[in-house]
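J.: Pasting a structure here, questions to come.
The values are calculated or read from the model by the stated rules, or taken from the named source; none is laboratory data. These figures come from a predicted structure and were not determined experimentally. With ideal geometry, Cβ positions are generated from the backbone for all residues, glycine too; neighbour counts draw on all protein chains shown.
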Amino acid sequence: VSCMVEMEAPCEANGKEEEPTKRKILCLHGFRTSGGFFKKQISRWDPSIFAGFDLVFLDGIFPAGGKSDIEGIYPPPYYEWFQFKEGFTEYENLDKCISFLCEYITGNGPFEGFLGFSQGAALSALLLGYQAQGKILQDHPPMKLFVSVSGCKFRDPAICDTAYREPIKVKSLHLVGEKDWLREPSEELATAFDDPLVVRHPHGHTVPRLDAVAVKQLSEWTRGFLQGADVVIAGAAENGEVGEESNRTAADGRPEVKFGLSAVAV
């Protein structure tokens, strides 16, 4: 049974006004790890990066079917989202995984988007592409944000023809490791999105520690998203239009965010 680890937004005590509800991001871990391990990895990042969000970390729905690369580093149990064969063109239990996540998102949302590593990033991008094509999550507001760490595309032509048919219009940031064995697939995934941002790091297939330059880039990127959303919501409120539909387009018209030299737009 999958469980949830959540970083909740703080609230004021002693009768003081509560802070505004933070926007949720669903966080999907890598192959044969866990939500708890992914949370530990992300907790090493500067808290300013996701200061305006609640990060919800899920465990994959299947127990790990083999050895985990984090044995001896982080305690079990370990999980996987679905199974696949070499070449990443054939999958088992993918439909069951998608159904589970859609049910979870609909029942526990709304979510602004995804943060994913490796298998979790590939799965997140697939869900975003499917939603954009009207295949899933029709009763949930359109996702608006995606942070990918070492992600990749699915290779099944039937999936590609649907999920990546058109550039996915979601604000996306892609962390790509120069020594990652998935470096080129990660770069290819970025091209599936409209106006993506690629931030490179010198490490391998991992959630990297971020230097001061990268922290500034990511913090400005997420802050720009929130500022754009707040501007649109405020404008809708002035016009008496606040409601479900205004939230669906809250990120439209967001201000442009400028990044440093280590960030490369695709």
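J.: I'd like to verify a number: residues in the stretch 60-72 that are more than 24 Å from the chain's Cα centre (by Cα) and either among the small types (Gly, Ala, Ser) or surrounded by fewer than 12 Cβ atoms within 10 Å (Cβ to Cβ) (or both), how many?
T.: Matching residues across the stretch 60-72 total 4.
J.: Can you tell me how many residues within the stretch 70-94 are modelled with pLDDT of 95 or more, under 25 Å from His174 (Cα atoms) and acidic (Asp, Glu)?
T.: So the answer is 1.
J.: Run down Ala163, Ala192, Ala234, Ala212 and say which single residue is loosely packed, with under 15 Cβ neighbours inside 10 Å, at pLDDT 90 or above and among the aliphatic types (A, V, I, L, M).
T.: Only one candidate passes the filter, namely Ala212.
J.: Answer with yes or no whether His174 is touching a strand residue (DSSP E or B) at 6+ places or on another chain (Cβ under 6 Å) and in a loop (DSSP other than H, G, I, E, B).
T.: In short, no.
J.: Cβ-Cβ below 6 Å, separation at least six or inter-chain, first residue in the stretch 183-200 and assigned to a loop (DSSP other than H, G, I, E, B), second basic (Lys, Arg) and modelled with pLDDT of 95 or more: which pairs?
T.: Within 6 Å, the pairs are Asp194/Lys169.
J.: Taking the stretch 123-153, which residues are in contact (Cβ under 8 Å) with a residue 60 or more places away in the chain and in contact with a Cys (Cβ under 8 Å, 6 or more places away or on another chain)?
T.: Selection gives Leu123 alone.
J.: On to the next question. Residues to consider are Phe117, Phe146, Phe154; find the one that is among the aromatic types (Phe, Trp, Tyr) and either in contact with a His (Cβ under 8 Å, 6 or more places away or on another chain) or over 29 Å from Ser68 (Cα atoms) (or both).
T.: When all the criteria are applied, what remains is Phe117.
J.: So which residues in the stretch 75-100 are surrounded by 15 or more Cβ atoms within 10 Å (Cβ to Cβ) and part of a loop (DSSP other than H, G, I, E, B)?
T.: Listed by number, the residues that qualify are Tyr78, Trp81, Phe82, Phe88, Asn93.
J.: Moving to a separate point now. Just to check your reading of the model, which residue among Gly120, Gly72, Gly60, Gly116 is assigned to a loop (DSSP other than H, G, I, E, B), in contact (Cβ under 8 Å) with a residue 24 or more places away in the chain and among the small types (Gly, Ala, Ser)? Talk me through it step by step, then tell me what you get.
T.: Values: Gly120 fails: assigned to a loop (DSSP other than H, G, I, E, B); Gly72 fails: in contact (Cβ under 8 Å) with a residue 24 or more places away in the chain; Gly116 fails: assigned to a loop (DSSP other than H, G, I, E, B).
Being assigned to a loop (DSSP other than H, G, I, E, B), in contact (Cβ under 8 Å) with a residue 24 or more places away in the chain and among the small types (Gly, Ala, Ser) holds for just one of Gly120, Gly72, Gly60, Gly116, which is Gly60.
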